[in-house]
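Below: one structure, written as structure tokens.
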Amino acid sequence: GNLAIMIAQSLPTPHESLDPVVSQLKRILVTGGAGFLGSHLCERLVNDRHDVICLDNFFTSQKKNVEHLLGCSNFELMRHDVTRPLWLEVDEIYNLACPASPGHYQYNPIKTMKTSVMGAINLLGMAKRCNAKILQASTSEVYGDPEIHPQTEDYRGNVNPIGPRACYDEGKRAAETLFMDYNRMNRVNIRMIRIFNTYGPRMHPFDGRVVSNFIRQALDGRDITIFGDGSQTRSFCYRDDLIEGMIRLMNAPDDLVTPVNIGNPGEYTIKELAEKVIELVGSKSKLTYHPLPADDPTRRKPDISLAKSRLGWEPTVPLEDGLKKTIDWFRTIDIEQYRPPTPNY
Ligand code: NAD
Ligand code: UDP
């Protein structure tokens, strides 16, 4: 027994190889890896030659999102639910598993909370055991309906703990708490990215988010559904910019354990977004107004000074360019292939 352990310990692990390229290669777990952002992250990590495990329960995604990676020897797909413990040996974990759009996360709010909290506990436990670095996909929703504008990372937020968005917002806030406490108590090497509204090809067409709704409606020539008077604002980040920011954060110096905003500071009203989508699609759709959902944030825009100074990161894709690429993708998909888990406007 002891001899076997001694021999095993003397063998170099893949990341300790003497080859300088191979020594940088890591075993990386991406939870929620078949989703919109997760699938692009997996693609990027596989291209960078890392050994990637994509874990998903396919609640809001389909295998099709990672089908093109299945033939790669450094890619592995695993069906699992993060609310259940798991045992793997990895060097890095990107924790993206969580339904992300209001329609998806409100479908089963208790499960959403469990996914954020129990998922964080299971993965932080694994990170502790493996001595792995772990990144949490947090969200601008931790700021709730913000009273300060733009939002800086030190703003503590204005979240209604008992409203319909709480399962997501408070779940993500509790996950941040767990990450900080595992860092303080157990020295787990953590990163937290606060993602602001991100869009692009491979968004779920029925996720009920504003970009996907407006594009589908405009392409079909149907009414555009504006909730409220359309004066509420959001700042939209193209997915490639987001993934670049996420990877830079994972690879940032180890002292950067506090949350970092990643988003595009370009701020638009929802009415402006609707008009832009109609124009880019060349659609005859009309704007229609519907009740504003409860606790819908009035304004949202990231302050990205921290990402700029610590990661040298800022977004490069203007809204119009990103929307064009997203519209082109929506034109190519077969909508029948997607299940609508949410009311389909
Ligand atoms: P998405 O729904 O496409 O991806 C989430 C993935 O997690 C899906 O593949 C889903 O099937 C999987 N999943 C959900 N519950 C799970 C569970 N219990 N176990 C295993 N897998 C599970 O959404 P996305 O936009 O790609 O979001 C990815 C992450 O980024 C999420 O954590 C989300 O909260 C966060 N985020 C996204 C945005 C955005 O604008 N896209 C904004 C803020 C935060
Ligand atoms: N919204 C809208 N019409 C839609 C879908 C969303 O006017 O068909 C609004 C929604 O009320 C919110 C904004 O667009 O003010 C962004 O909504 P989304 O669900 O995309 O994301 P989140 O509210 O989480 O930022």
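At-a-glance table
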{"quantity": "Max mean-square fluctuation residue, GNM over the chain, Cα-Cα springs under 10 Å, options Arg248, Arg239, Arg194", "calculated": "Arg248"}
{"quantity": "Share of carbon and sulfur in the accessible heavy-atom surface of the chain [1.4 Å probe, %]", "calculated": "52 percent"}
{"quantity": "GNM result for the chain, Cα springs below 10 Å: residue of His204, His80, His149 fluctuating most strongly", "calculated": "His149"}
{"quantity": "Within-13-Å neighbourhood charge of Asn122 [Cβ basis; K, R +1; D, E -1]", "calculated": "+3"}
{"quantity": "Top of Arg44, Arg187, Arg216 by mean-square fluctuation, Gaussian network on the chain, Cα under 10 Å", "calculated": "Arg187"}
{"quantity": "Nearest 10 degrees, 0 to 90: helix 210-220 Cα axis against the chain principal axis", "calculated": "50 degrees"}
{"quantity": "Within segment 16-119, GluC sites (Glu not before Pro) in DSSP loop having at most 12 other beta-carbon neighbours inside 10 Å", "calculated": "Glu89"}
{"quantity": "Segment 217-269 versus segment 125-201: alpha-carbon centroid distance in Å", "calculated": "15 Å"}
{"quantity": "At most 15 other Cβ within 10 Å, DSSP loop - trypsin sites (Lys or Arg not before Pro), segment 264-345", "calculated": "Lys284, Lys286"}
{"quantity": "Charged-residue dipole, Cβ positions (Lys, Arg, Asp, Glu), segment 195-288 about Cα centre, Debye nearest 20", "calculated": "420 debye"}
{"quantity": "Prolate/oblate/rounded label for segment 261-315 (Cα gyration tensor, a/c 1.5)", "calculated": "oblate"}
{"quantity": "Nearest 10 degrees, 0 to 90: helix 239-250 Cα axis against the chain principal axis", "calculated": "30 degrees"}
{"quantity": "Angle between the chain longest axis and helix 166-186 axis [Cα atoms, degrees, rounded to 10]", "calculated": "20 degrees"}
{"quantity": "Selection of chymotrypsin sites (Phe, Trp or Tyr not before Pro), segment 77-119, meeting DSSP coil and at most 13 other Cβ within 10 Å", "calculated": "Trp87"}
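The values are calculated or read from the model by the stated rules, or taken from the named source; none is laboratory data. Note that the structure is a prediction, hence the values are computed from the model and not measured. FYI the Cβ positions are ideal-geometry reconstructions off the backbone, even for glycines, and counts take in every protein chain you see. Side chains included, ligands, DNA and RNA excluded: accessible areas come from the protein's heavy atoms. Shrake-Rupley method; radii C 1.70, N 1.55, O 1.52, S 1.80 Å.
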